[in-house]
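Worksheet: the structure to be examined is printed underneath.
All of the numbers you see were taken from the coordinates with simple rules; none came from a lab. Just so it is clear, the model here is predicted, and its values are computed rather than measured. Please note: Cβ atoms are built from the backbone with ideal geometry, for glycine as well, and neighbour counts cover all protein chains shown.
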Amino acid sequence: PPSPIEATCGPAPQETQYNVLLYVLDTVRADHLGFYGYVRDTTPFLSQLATEGVAWSGYHSASTWTWPSVSSLLTGMTAMTHRTIERNFSIHPGWPTLPEVLKAEGYTTALVTSNRTLTWGGKTDGLFDYAFAQVRPDQNLTDKLEQLLRDPSSRPFFIHAQPYAAHSPYEVEAPWDSLFIDDPYYGALGDVPRINPNSSCVGGIKESVVIDGIT
């Protein structure tokens, strides 16, 4: 017999399993995105997407660099809690991660990235059903992502996609390299960062990522 609720309201609607795409942009500052008030139209597509969904105004990065930040995204914990603070550290097996939780609910899980930090030393092995990781160009990542999105056999899916194009070295392809070439610079430059001749970027920036003539 129907429950009292079903007798009054009818059968409960069937639960929907939404597809989930976590798209993480490496080294992109919020104050340089159009929908967060930046004066240059740097992000027309993201700005359009923001009008159709929800944009947070008080969100802060969990760390200063990739792997601890991603670990926080996947676990919901701060870096002080998960302690995944070195490049070769894996997420502690005692901490449940988003792909593992969704995999248990019948989701196909995939990692698609051109940032090798996420797969360095096999630290994300076992978290995802499928992983595609390679260096630039990001177009290869986009092609693989579209393939996964259009594959009906992968649904419902959780896909973590993380391109690398905004990260140093800043080798911008045409036409994006001259997008703001006639745009007068506004505001004070401040101190020019110190350039380090070695591979360390502590207290400055690596010499290998500096573009000739850039200030």
Practice prompt. Would you list which lysines come within 21 Å of residue 103, measuring only between C-alpha atoms, while excluding same-chain residues fewer than 8 positions from it?
Written response: 123, 144
Worksheet item: ³J(HN,Hα) across the stretch 75-82 via Karplus (A = 6.51, B = -1.76, C = 1.60, θ = phi - 60°), whole Hz, x for Gly/Pro?
Response: 10, x, 10, 6, 4, 5, 8, 7
Worksheet item: Excluding residue 149 itself, what net charge comes from residues whose Cβ is under 12 Å from its Cβ, given Lys and Arg +1 and Asp and Glu -1?
Response: 0
Response to the item:
Once amide hydrogens are built 1.01 Å from N within the peptide plane, the residues lying 5 or more places from residue 112 or on another chain with amide H under 5 Å from its amide H are 132, 160, 161, 162
Discussion item. Can you compute the radius of gyration and Dmax for the stretch 58-121, using only the Cα atoms, both in Å?
Written reply: 12.0, 34
